[in-house]
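Okay, structure first, notes after.
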2 protein chains.
Amino acid sequence: MIVKTPEPPYFAVIFSSFRTEINDEYNETFENLMLAASELDDFLGMESVRDGFGISVSYWKSIEGIREWKDNLQHIAAKRKGIEKWYESYMLRIARVDHDSYFSL
Amino acid sequence: MIVKTPEPPYFAVIFSSFRTEINDEYNETFENLMLAASELDDFLGMESVRDGFGISVSYWKSIEGIREWKDNLQHIAAKRKGIEKWYESYMLRIARVDHDSYFSL
């Protein structure tokens, strides 16, 4: 789904990745992380799609919100498992969105 | 594939979309557009994945490069067809990447 973001500026974390073949706890952890992120005031939502290669973009009101998420213990534990088990490679990018444009039929 | 981007800052265009069921000329146009974008000096590459919902992120050295692409006639023609035929809804976001972090096994 397309996240309903407020007027720019806001922030995006773009996570591009290739997974290993290990699925152990992956889906469950992903869902729990989404629940945990949703509890943060500055979290706006996440767009995510995978077909072999995956891109997930989470949106945030502020850099402080992203920092708070970075320091979240549940997130830190998941990140460790991600490196140990789930990801073959990834790139994480933090960006400030300055302009957006929506279209719908 | 994960685009090999330079040291930040650089720029990202995040395009999140739902397609219609019309495929007419879509793949061919997408490939031709990628070729045309690759000819621009400031184009760094594109990451793209679709599984119903789609996210494509193109990376650029500068905002001027994004503007040049916005004014490209081939791109303008494709955008028109996109609105008429291929997309049910989309959000396009322009962002400045200030930080990134790469991991590989």
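Readers should treat all values here as calculations from the given coordinates under stated rules, not as data from a laboratory. Note that the structure is predicted; figures quoted are calculated from it, not measured. Note that we place each Cβ from the backbone using ideal geometry, even for glycine, and neighbour counts take in every protein chain shown.
Here's the yes/no breakdown for (1) closer than 21 Å to A:VAL49 by Cα; (2) touching a residue at least 12 places away in the same chain (Cβ under 8 Å):
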| position | (1), (2) |
| --- | --- |
| B:GLU21 | yes, no |
| B:ASN27 | yes, no |
| B:VAL49 | yes, no |
| B:TYR59 | yes, yes |
| B:LYS70 | no, no |
| B:ILE83 | no, no |
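Tell me the residue from B:ALA12, B:ALA37 that is closer than 21 Å to B:LYS70 by Cβ, out of contact with any helix residue (DSSP H, G or I) (no Cβ under 8 Å at 6 or more places or on another chain) and among the small types (Gly, Ala, Ser), please. Answer to the check: B:ALA12. Filter region A:40-66 down to the residues that are within 16 Å of B:VAL97 (Cα to Cα) and within 8 Å of the chain's Cα centre (by Cα), then identify the one that is farthest from the other protein chains (Cβ to nearest Cβ). Per the criteria, the residue is A:SER58. Residues that are within 12 Å of another protein chain (Cβ to nearest Cβ), within 24 Å of A:MET1 (Cβ to Cβ) and surrounded by 14 or more Cβ atoms within 10 Å (Cβ to Cβ) within region B:3-39 comprise B:ALA12, B:VAL13, B:ILE14, B:PHE15, B:SER16, B:SER17, B:PHE18, B:ARG19, B:THR20, listed in sequence order.
Scanning region A:76-93 for residues being out of contact with any helix residue (DSSP H, G or I) (no Cβ under 6 Å at 6 or more places or on another chain), surrounded by 14 or more Cβ atoms within 10 Å (Cβ to Cβ) and either small (Gly, Ala, Ser) or more than 7 Å from chain B (Cβ to nearest Cβ) (or both) gives a total of 5.
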